[in-house]
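Notes follow the structure.
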Amino acid sequence: LILQLVVIIEQGLQQKAGDDIGDTLTLVQKTIDRMGWVELSPGKVARDLGCSLDHLNRLLRAESGKTVGGVITDLRLEESRRWLIETNETGGEIALHVGIEDQNYFSRWFRKHIGNTPQGWRGAHKNL
């Protein structure tokens, strides 16, 4: 009975918090866009929104199944792919643009998430 009450209270708090800040995923995406990529972290996004990272992640998971880190990764990948198609910038320049200082790390990170290196992905998608 006590556990059921705790669950009901938590659901009410999540709903109230969600009502207070609106669409959490959209708010996080807009915050990331406004903050820019340099030294971006989930903690900084949460601080900018005036809440704890745990609370923000809880709201996001309930709404979209994602965490702040997952949203950052998705947006970085989206921006990386856009730049690979729309520009002739090098992998290192694109890495810096999306807030990753190490070109080798960027290449490994990109391959981990996309399944191909940035240059390989560009070659396969630029002229489509």
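The values are calculated or read from the model by the stated rules, or taken from the named source; none is laboratory data. The shown structure was predicted, so the numbers you read here are calculated from the model rather than taken from an experiment. All Cβ positions, even for glycine, are placed from backbone atoms using ideal geometry, and neighbour counts span all protein chains on display. Calculation scope for accessible area: heavy atoms of the full protein, side chains included, ligands and nucleic acids excluded. Shrake-Rupley method; radii C 1.70, N 1.55, O 1.52, S 1.80 Å.
Can you name the residue in the stretch 35-50 that is without any contact (Cβ under 8 Å) to a residue 12 or more places away in the chain and farther than 21 Å from residue 102 by Cβ and is also most open to solvent (accessible area, probe 1.4 Å) among such residues?
Ranking the qualifying residues of the stretch 35-50, first place goes to 47.
Please state which of the following conditions residue 104 fails to meet, knowing it meets all the rest: (1) within 15 Å of the chain's Cα centre (by Cα); (2) open to solvent by 30 Å² or more (accessible area, probe 1.4 Å).
Status for residue 104: all satisfied but (1).
List the number of the failed condition for residue 60; all other conditions in (1) loosely packed, with under 14 Cβ neighbours inside 10 Å; (2) more than 29 Å from residue 119 (Cβ to Cβ) hold.
All conditions pass for residue 60, except number (1).
Could you check, for the stretch 80-93, whether at least one of its residues is of a type in the set (Gly, Ala, Ser), within 15 Å of the chain's Cα centre (by Cα) and open to solvent by less than 30 Å² (accessible area, probe 1.4 Å)?
Step one: of the stretch 80-93, the residues of a type in the set (Gly, Ala, Ser) are 80, 91-92.
In the following step, the residues that additionally are within 15 Å of the chain's Cα centre (by Cα) were identified as 80.
Narrowing further to those that are open to solvent by less than 30 Å² (accessible area, probe 1.4 Å): 80.
Yes, the stretch 80-93 contains at least one residue that is of a type in the set (Gly, Ala, Ser), within 15 Å of the chain's Cα centre (by Cα) and open to solvent by less than 30 Å² (accessible area, probe 1.4 Å).
Out of all the residues in the stretch 67-79, which are within 22 Å of residue 92 (Cβ to Cβ) and either surrounded by 17 or more Cβ atoms within 10 Å (Cβ to Cβ) or over 8 Å from the mean Cα position of the chain (by Cα) (or both)?
72, 75, 76, 77, 78, 79
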